[in-house]
Structures are given as C-alpha cells and as structure tokens.
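Engineer: Dumping the structure here so I can ask a few things about it.
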Amino acid sequence: MTHALVSRRSPGLFVAALLAALPASALARTSPSGQVEPEGPTPAPATVTTSAPPTAAPAETAGARCQDAREGPWVRRCRPERNTFELGAFAGVFFTGGGAHELFDPRRQLASLQDGDPDSMFFQPYRAAAPQFGGRVGFYPLAFLGGEVEAAVMPTRIVIDGEPRDRAILFNFRGNLIAQLPFWRVAPFALVGGGGLGTTGALGHDIDQSVHFGGGVKVFLSHRALLRLDVRDVVAARRRVDAGAVSYPELQLGVSALLGRNSPARRPEKDSDGDGFLDRADACPFEPGIAPDGCPERDRDGDGFLDSRDVCPDVPGVAPDGCPERDRDGDGFWDSQDDCPDVPGVAPRGCPIPDSDGDGILDDVDQCVREPETRNGLADDDGCPDDLDPVRPVIGVIRGIYFDLDKDTIKPRSRPVLDRAVRVLREHTSLKIEISGHTDSTGGLAHNRDLSRRRAESVRRYLVDHGVDAARLTTRGAGPDEPLDTNRTAAGRAKNRRIEFMILVQ
C-alpha cells in the first residue's frame with residue numbers, strides 16, 4: 001500500500017501520439033479539400049460553351065464553397081479541411097465521482113493511516129458536480145483526423161456532514177486523438193485520450209493519471225468559426241488503489257476559431273448562356289434572355305402577345321394590349337367594337353343615340369331629326385314642328401257659341417261650332433284643352449265668375465257627351481277679369497262675353 005501511494009505522488013504525464021501518415025491508397029482518394037473522391041481515373045474538365053449549360057467545374061476548396069451561396073446545399077458548405085488549426089475555449093459540467101474519488105494528498109492520508117485510524121476522514125467527498133472552464137488547441141493534418149491538447153479547471157468545495165465547506169480546485173491537462181466525418185458542415189466526431197487529473201486546496205495537492213473517451217458534434221458556423229459539443233467519460237484511480245477505477249463524466253460546450261483554412265474565393269464570373277447577364281444575376285442562366293432578369297421572352301398566357309408587351313400577361317387577351325375583352329361602360333358592346341367605350345350606348349356601334357335637333361327626342365324616334373319639335377300639345381312626341389291649321393277650331397276664342405241671357409244654357413245655333421270642335425278633338429287625340437268662360441263687367445263680380453264657370457262646364461259637357469274623353473278637358477271661370485275690349489260700350493262688352501279654348505302643353 002505504501003509503495004502504491006508513494007508512486008502516485010509523482011505527476012503522471014500522458015502525451016497523445018498523433019497519426020503521422022496514412023496508407024497511400026487512402027491519401028490517393030482524398031481531395032485537397034478533405035473530401036473523399038471516387039476511385040478511378042479523374043475526368044478532364046468539360047469545355048463550357050454559351051450554347052449549352054456548362055459541365056461541372058473543377059473542384060474548389062471547401063472554404064470557397066462556404067462563401068458561395070449558389071454552390072450546393074447549405075449542409076455541404078464550410079465543411080472540415082485538411083492542415084487546419086482549431087483554437088477554442090469551452091465551459092461545462094464536471095461530475096466529481098462522489099465519495100469514491102482518489103483526488104487528495106496521499107502523504108496526509110498516509111499519516112492518518114499510521115495513526116491507526118483508516119477512516120480518519122482527512123479524505124472528504126467533493127460536491128457532486130463542478131463547473132468546468134478550459135481551452136484547447138488542435139491540429140488536423142487530414143480533414144477527418146487530428147489531435148488536440150487541452151487544459152481545464154473545475155472550482156468546487158468539499159462536503160462535510162452534507163454541507164459544502166472548504167474550497168478546492170480540480171484541474172486536468174490532456175491530449176486527444178479525434179476522428180470526424182468531413183462530408184458536412186455538421187460533423188459528428190469521436191475521441192480518445194489521456195493525461196493528468198489533479199486537485200489543490202482543501203484536500204492538499206495530488207495528480208492522478210487518467211484516460212478518457214467520448215464524442216460529440218461540431219457545427220461549422222462560417223469559414224472561421226465553429227460551435228462544438230462534447231460528452232466524455234474520464235476514468236482514473238478509485239479511492240484505495242485495490243478498489244479499481246472511478247468515472248468522472250463531463251459535458252462541454254465550446255467555440256473555436258479556425259486557422260489555416262484556404263482563403264474564401266468565388267468562382268470566376270460566368271455567363272453560361274452568353275446573353276450578357278452573369279450567372280449570379282441571371283434568372284435563366286442556361287437560356288439566352290433579355291432584361292430585366294436574363295430570361296427569354298415568354299408568352300405565359302399563350303395569347304400571342306409576349307409578356308413584355310402584354311398588359312395582362314397571365315390572362316389570355318386580344319389586341320391591342322393582350323388583355324381580355326372588356327366592356328367598360330357596361331352597355332353590352334366589347335370595347336374593341338364600341339365606338340364609345342366609356343359611354344353606354346346602343347346598336348350598331350355602342351354609342352348613345354344623339355338628339356341632333358336638341359328637342360329632347362332622340363334621333364331613333366325623332367321623325368324630323370333636323371327640325372325641333374314644337375311643344376304645343378299637338379303630336380309633341382313625333383319630333384317635328386306642327387301645322388296648326390287642322391286644329392285652329394280649338395285654339396283661342398271660339399266664336400259662335402251662344403247662351404241664354406244670364407244663364408249657362410247653350411243655344412241650339414251654337415251646335416255647328418261645337419260639333420266642329422268635337423271632330424277636331426276626336427281626330428287629334430293627344431290634345432288636351434282648357435275651356436275658359438268669360439263675361440263682361442255688368443253685374444256683381446262673384447256672380448260673373450260663377451256664371452263664366454258654369455258656361456265653361458256646359459261646353460265641356462257637350463263635348464264629352466259627343467265622344468271626347470273627359471280626362472282631356474278642364475274648365476275655368478275667368479269672369480270679367482280678362483277682357484278683350486272695353487266694357488264701356490255695347491260692342492266691347494259683346495267681345496268680352498266669350499268661350500276660349502287653350503291647348504295644354506304636356
């Protein structure tokens with residue numbers, strides 16, 4: 001037991017050997033960028049012409065593809081390269097092995113044993129988990145294989161009677177041999193290594209040899225940086241040498257800078273279809289085209305109008321603009337056939353019907369399109385000026401209608417005049433007549449007005465009784481208020497006693 005404890009006092013040094021070379025066949029199938037290439041003869045680069053899509057260009061560095069968003073899928077860019085360095089820092093959690101650790105000063109423990117107390121408890125457990133902080137340097141001579149050295153500290157406390165007490169610092173330094181998949185920018189890896197695991201502080205100073213193994217994943221964020229996750233198990237001597245080994249699991253998350261990678265370089269600018277638009281700005285890089293996007297002229301809706309001249313490129317249409325037939329004024333005539341496309345109209349050309357003579361009657365029903373209608377109640381809907389001669393018997397003062405003295409009784413000798421009025425009114429059915437009665441000033445005003453009204457009603461009654469529609473006839477009693485001559489003479493008073501017909505304009 002004494003020999004074993006004394007031998008553990010010397011620091012255990014572990015140097016990880018890195019692989020110096022690989023079989024020639026493996027190297028022959030590894031490209032300069034670290035990609036695994038197929039076996040067999042290397043094909044010569046194909047000649048690129050402007051008349052056909054270009055063939056695959058010679059392989060470039062992974063770094064160049066990392067910077068070129070048009071080169072392959074995202075997961076294939078920024079992947080590992082050969083002859084690169086990684087300089088990183090990490091943080092994590094280190095699990096201290098509970099009460100089975102062997103990280104304490106063996107000389108002080110030996111003194112306790114010599115005092116006859118094998119459980120003197122100079123030995124104390126550490127807290128179950130401790131934070132871990134460290135750094136690493138790695139070199140990768142091959143894209144899939146490299147070596148690393150790293151060091152870390154884990155500040156913690158010892159636990160006495162279930163309570164954390166005095167401070168202690170655990171530390172390690174070690175080397176790793178690491179293998180990774182170089183095909184994607186998300187690169188799983190496995191590692192194995194060894195080194196020293198030690199303590200200083202509450203339990204004295206001690207360093208034990210250790211070995212470790214584990215794995216994780218790297219994510220290459222860009223040409224110069226990566227994110228890394230490690231899960232490991234560290235194995236070292238257990239308390240009391242004959243008790244075997246104890247595991248110290250650990251979890252790390254870190255970032256690393258990448259050094260020595262090839263400088264990013266883009267492919268030479270190309271114009272594969274020779275249309276003057278470089279491929280990176282050409283929406284159709286293998287079809288000669290025109291502005292603005294380098295694509296050829298197209299007719300998306302198949303109406304015969306190229307999109308550059310088609311106002312409605314997604315809807316089949318007609319001349320002149322390639323849009324569907326429209327009827328802007330909603331009159332049932334397509335605009336292409338409508339002489340008045342913005343004004344509702346009628347056949348044959350979709351224009352409104354004019355009123356050439358301005359008499360309010362449209363030309364299609366106006367019998368005299370160049371002569372305005374005379375608004376006098378006579379055929380006012382035919383659009384022509386009227387000849388009043390046929391209706392003279394029912395216009396103005398109607399002479400020849402006589403009444404008994406101071407009465408509304410029509411004398412028989414008035415019938416020829418009235419019958420003539422009946423004939424005219426029955427012949428011209430559109431006429432509407434106002435029949436007004438008039439008297440002289442002899443007698444009282446109210447009496448004369450009543451008498452004139454009753455006489456007008458008598459004339460109306462005669463006309464209706466002889467076949468004239470009553471709805472066409474109205475009456476009015478004017479009395480002496482509208483004289484034609486003086487009421488101072490007998491001749492003047494005779495003129496003032498009269499019946500008048502007036503055509504009512506509709």
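Each reported figure results from applying straightforward, stated rules to the coordinates on display, with no laboratory input. If you're wondering where the values come from, they're calculated on a predicted model, not measured in any experiment. Cβ: placed from backbone, ideal geometry, glycine included. Neighbour counts: every protein chain shown.
Engineer: Taking 0.36 nm per residue of separation and subtracting the Cα-Cα distance, what length does fully extending Ala100 through Asp450 add?
Structural biologist: Additional length available on full extension: 112.0 nm.
Engineer: Suppose R0 equals 35 Å; then what is the FRET efficiency for Ala281 and Asp335 from their Cβ-Cβ distance, rounded to the nearest 0.05?
Structural biologist: 0.30
Engineer: I need Trp184, Trp334 ordered by Cβ neighbour count within 10 Å, fewest first.
Structural biologist: Fewest to most other Cβ atoms nearby, the residues stand as Trp334, Trp184.
Engineer: Next up: With an 8 Å Cα cut-off and a minimum separation of 6 or more residues, compute the relative contact order for segment 389-503 in percent.
Structural biologist: Reported relative contact order: 36 percent.
Engineer: Could you work out how far the C-alpha centroid of segment 449-506 sits from that of segment 136-214, in angstrom?
Structural biologist: 132 Å
Engineer: Right, something else. Where in segment 409-438 is the amide nitrogen less than 20 Å from a point lying 7 Å along the Cα-to-Cβ axis of Arg472?
Structural biologist: Counting only backbone N, you get 415-437.
Engineer: With label points built 7 Å along Cα→Cβ from the Cα atoms of Met502 and Lys407, find their separation and express it in nm.
Structural biologist: Calculated label separation equals 3.0 nm.
Engineer: What lysines sit close enough to Lys411 to cross-link, taking a C-alpha to C-alpha distance under 21 Å and skipping anything fewer than 8 places away on the same chain?
Structural biologist: Once the sequence-local lysines are set aside, what remains near Lys411 is Lys495.
Engineer: Also, quick follow-up: Evaluate E = 1/(1 + (r/R0)^6) for Arg420 and Glu325, where r is the Cβ-Cβ distance and R0 equals 51 Å; express this FRET efficiency to the nearest 0.05.
Structural biologist: 0.20
Engineer: Separate question: Determine, for Ile178, Ile503, Ile290, the number of other Cβ atoms within 10 Å of each Cβ, and report the residues in order from fewest to most.
Structural biologist: Taking fewest neighbouring Cβ atoms as first place, the list is Ile290, Ile503, Ile178.
Engineer: Another question about this same structure. For a label point 7 Å from the Cα of Val186 along Cα→C-beta, name the residues of segment 204-239 whose backbone N is under 12 Å from it.
Structural biologist: What the label zone holds, given the 12 Å backbone N cut-off, is 217-220.
Engineer: Then there is this: Order these by the 10 Å Cβ neighbour count, fewest first: Arg224, Arg79, Arg261.
Structural biologist: So the residues, fewest neighbours to most, are Arg224, Arg261, Arg79.
Engineer: Taking Lys218 as the anchor, which lysines have their alpha carbon closer than 30 Å to its alpha carbon, excluding any fewer than eight residues away along the same chain?
Structural biologist: Partners found: none.
Engineer: Could you tell me the calculated FRET efficiency between Val219 and Val318, based on Cβ-Cβ distance and R0 = 45 angstrom, to the nearest 0.05?
Structural biologist: Working from the Cβ atoms, E equals 0.20.
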